[in-house]
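Student: There's a structure below that I have some questions on.
The values are calculated or read from the model by the stated rules, or taken from the named source; none is laboratory data. Owing to the predicted nature of the structure, the values given are computational and were not obtained by experimental measurement. Please note: Cβ atoms are built from the backbone with ideal geometry, for glycine as well, and neighbour counts cover all protein chains shown.
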Amino acid sequence: MPPGTVPQSATSKPASEAGEMWRIVRDAVGGGRLSVVMPVYNLAATIGENLKRTAELFEAHGVRAELVPVDDGSADGTWSAIEAAASGIAGEFVTCAPVHLSENGGKGAALRAGFAASHGEYVMLLDGDLDINPKQTPWFFASLAENGSDIVIGSKRHPKSVVQYPWHRRIVSWVYFTLVRIFIGLPITDTQTGMKLFRRNALEEALSRMLVKTYAFDLELLAIAHSRGAKISEAPVAISFGSKFGALRPSTVRSMAHDTLAVFYRLKLLKYYASIDVPKAGGGERPFVSVIVACPERTWMLDECLKSLERQTYRDFEVIVLPDGEWGTGNGERGKVQVVSTGKVRPAEKRNMGAAHAKGEILAFIDDDAYADPRWLEHAVGYFADGSIGAVGGPGVTPPDDAYFAQLGGKVYENVFVSGSYRYRYSAGGICRDVDDLPSCNLLVRKSLFDSIGGYRTDFWPGEDTLLCKDIKDSGSRIKYDPRVVVRHHRRPLFLPHLRQLGRYAFHRGYFCRRFPSNSLHLAYFVPSLFVVYLATAWVAWAALNVVPAMPAELYVLLAAYVSIPFLLYAALVAVSSFSLNPVSWVLVASGVFISHIVYGAEFLYGLLARRAPCEFIGKDHARQ
C-alpha cells in the first residue's frame, strides 16, 4: 500500500458519504480556522509538494485552514523550500504561515513554536513527511464529535487502521504501550502516530506544563492532558512505513526508557503536573520586564548570557548590563542593551543601580555567568498577575558543556546528601512551591515591591539575596518556585574554587541564622555542623582508644561503636548518593561531598558565632574554566 493511502473502510465509501464526512469538518471549524502544525526537519526535497497537496485538499473541501509548517533548524534548504511553497498558497479558504527555528530543538520545540503562531480553535499536528495523508482528517473530526473528545489521536491499533511495518517493531511497540497503560494509565493504544487533533484549550493546558522535548514528548503531552481531565479518543489511520525504520539503537531505547520513567515519576509519584498553576496575566496584559545583569567586565560568559536573552520567547523586555568600567568594543551589543558603568562596587549595589534605571514592572535578575532557557521569562511573568506573589524563581542547573571539574562541582551541589530538601535550587525538576529564599542568579521581583523594601542590602556579600527574600516574605508577599523557570549557571570547579564559594555561603548562612532567622533558621542548615562536631568528638574517642591503658571493655566497645558505626553509615550514604559508572568521577564527587560537608559545617559554625561578617569586596568572583 503506498504511503498516505486512507483506510479501506474509507476509500470504499461512496463520494456522497465522503462528502458528508467533510461536512462534519466544515461545520466544526465554522467561521474559525483549523490550524495544521507541521514539524519539518531536513525535508527539502518533499516539503514543497507536501504543503501544496495539503493546501489543495482543504481548499477543495472548503475547510478554513491555516498551514503552519515549522522548520526545526534544518540544514538542507528546507526553509527555502517552505518559503517558496508558502508564497503560492493563498486560496479562498487556506493560508500558510511558516515558522523558522534557527536551531534544531526537537519535536516539542517545533510544536510549541507552531502553536504560538497559530490561531485556530482546532489544532492538528501532522508530520511534515505526510506519512499519514491529511485526507484522513474527517475521521478525526468524526471521532471528536461522536465521543465528545478534546483530543483525537491516530492509532495504529485501531481496528479499522491499515498499517504496514516490520513485525519486530510491532513487538517492541506492543511491549512499550503495555507498560504505558500499566504505569501511566492512558486509556489509549498508541501515542507516537504522527497525526493528532486537539481542541485548542486542551493543547494549551498540556503544553504549558511540559518538560520533555524529545523521545517521550507525545506520551507526556497526552499524559498531562488526561490528568487534567481531557477526554482522548482514537481514529483509524493508514500507514506504510516501508523501509524507513531500521534497527532500534540502544541509545534510542535507553533515552526512550529514561524519558518514559521520568513522565511516570512526575505524574504518579511527584504529582508535578498537578502542582503547576500556569497563571496568565489578567486581561491579556504582558508586563514589561527589565532584565538586570551585574558583572565586573565583559566575558564570553556574559556574551553567552546576552545571546540567551535574544532567544527569549517572551519579547516585552529590556536588558540592563552593569559592568565596572566602560563597555568593551566588538559586536555592537551597546545598541541592543542599556549599559551602565558602575565602578568597582558589590553586586547588590550594581543591581540596585540597574533597578533605578529600569522601565519594567518586573525586575529579572540573572548572573553574567548564567544563561536562560528560551522560555525563562514566559514561564515566570504570568505569576505576577497574582498580587500576592512578589517574586518568582527557578533552578540554576549546571550547563552540559561545563568543563569536567566544573561538572563535578555541579554534581556535588545536586547531591541529595549535600543540598537535601533544597536540591531543587540546583537541579531541574521538582514541583512548583512557595519558598522563602532563592538566589539572585535566577530571581524575578515585582519592581514596586523591590522599591518599597529598599532593594538589596549592600552591607553583605554574599547573602544579599537571602536578605532580599527575607524582606519580601516579611512584607507579606509570596515567593514562587517553578522548575520551568530555569537558567544554566556555570559552576566553580572542584576542589578549591568550589570550596571557597561554599565556605562564603556557609559563613553567611550561619551569621544570618542568629541575626535574621526568619528564612535562615532551618534545621537542615545545621546538619553539616553537627557532622563536624561528630568528627571532632569521634577523633577524641579514637585517640582515647589508642592512648588510654586498661580501658574497661564496655567503654572500649561503646567508643569503638561511636567512632565506626556512624562514619561507616555516612560513607555508605555518600557512596550511594554519588554513584557514577565512571569510577574516577564517583571517587571525586564522593570526596567533594565529604569535604564540602566539613567546609560548610565549619564555616557555618564560624558565622554563627561571629560578632560581625567580613564582607570585603572580591572583584572577580565568577566561574572560571
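Student: Look through the stretch 42-75, keep the residues that are surrounded by fewer than 17 Cβ atoms within 10 Å (Cβ to Cβ) and of a type in the set (Gly, Ala, Ser), and return whichever of them is nearest to the chain's Cα centre (by Cα).
Tutor: 75
Student: Just to check your reading of the model, which residue among 555, 559, 569 is in contact with a helix residue (DSSP H, G or I) (Cβ under 6 Å, 6 or more places away or on another chain), outside the structural domain of residue 413 (by TED's automatic domain parsing), without any contact (Cβ under 8 Å) to a residue 40 or more places away in the chain and not charged (D, E, K, R)?
Tutor: None of the others qualify; the one that does is 559.
Student: Do we find a residue being touching a Ser or Thr at 6+ places or on another chain (Cβ under 6 Å), over 27 Å from residue 263 (Cα atoms) and either surrounded by fewer than 21 Cβ atoms within 10 Å (Cβ to Cβ) or in the same structural domain as residue 35 (by TED's automatic domain parsing) (or both) anywhere in the stretch 130-138?
Tutor: yes
Student: Now for a separate question. Output the residues belonging to the stretch 423-449 that are touching a Leu at 6+ places or on another chain (Cβ under 8 Å), part of a loop (DSSP other than H, G, I, E, B) and closer than 24 Å to residue 301 by Cβ.
Tutor: 428, 440
Student: Only one of these is free of Cβ contacts under 8 Å to residues at least 12 places away in the same chain and under 28 Å from residue 593 (Cα atoms): 502, 494, 523, 530. Name it.
Tutor: Only one candidate passes the filter, namely 523.
Student: Condition (residue is charged (D, E, K, R) and surrounded by 15 or more Cβ atoms within 10 Å (Cβ to Cβ)) applied to the stretch 77-87: is it met by at least one residue?
Tutor: yes
Student: I'd like the residue in the stretch 346-365 that is assigned to a loop (DSSP other than H, G, I, E, B) and touching a helix residue (DSSP H, G or I) at 6+ places or on another chain (Cβ under 8 Å) and, out of all such residues, is modelled with the lowest pLDDT.
Tutor: Going through the qualifying residues, I end up with 346.
Student: Under 8 Å by Cβ, and 6 or more places apart or on different chains, what pairs join a residue from the stretch 350-375 that is hydroxyl-bearing (Ser, Thr, Tyr) with one that is surrounded by fewer than 23 Cβ atoms within 10 Å (Cβ to Cβ) and part of a loop (DSSP other than H, G, I, E, B)?
Tutor: Going by the 8 Å Cβ cut-off, the qualifying pairs are 371/399.
Student: Now for a separate question. I need the helices (runs of 4 or more DSSP H) fully contained in the stretch 65-181, keeping only those with at least 1 residues that are of a type in the set (A, V, I, L, M) and under 26 Å from residue 219 (Cβ atoms).
Tutor: By residue number, 107-117, 137-147.
Student: Looking at (1) modelled with pLDDT of 95 or more; (2) within 29 Å of residue 447 (Cα to Cα); (3) out of contact with any Pro (no Cβ under 7 Å at 6 or more places or on another chain), find the lone condition where residue 488 falls short.
Tutor: If we test residue 488 against (1) modelled with pLDDT of 95 or more; (2) within 29 Å of residue 447 (Cα to Cα); (3) out of contact with any Pro (no Cβ under 7 Å at 6 or more places or on another chain), just (3) comes out false.
Student: Give me the helices (runs of 4 or more DSSP H) completely within the stretch 211-311, filtered to those with at least 3 residues that are at pLDDT 80 or above and surrounded by 14 or more Cβ atoms within 10 Å (Cβ to Cβ), ordered by residue number.
Tutor: Because the criterion is at least 3 residues that are at pLDDT 80 or above and surrounded by 14 or more Cβ atoms within 10 Å (Cβ to Cβ), the helices (runs of 4 or more DSSP H) in the stretch 211-311 that meet it are 217-227, 250-264, 300-310.
Student: How about the stretch 577-593: which of its residues are part of a helix (DSSP H, G or I) and buried (at least 17 other Cβ atoms within 10 Å of the Cβ)?
Tutor: Result: 588, 589, 590, 592, 593.
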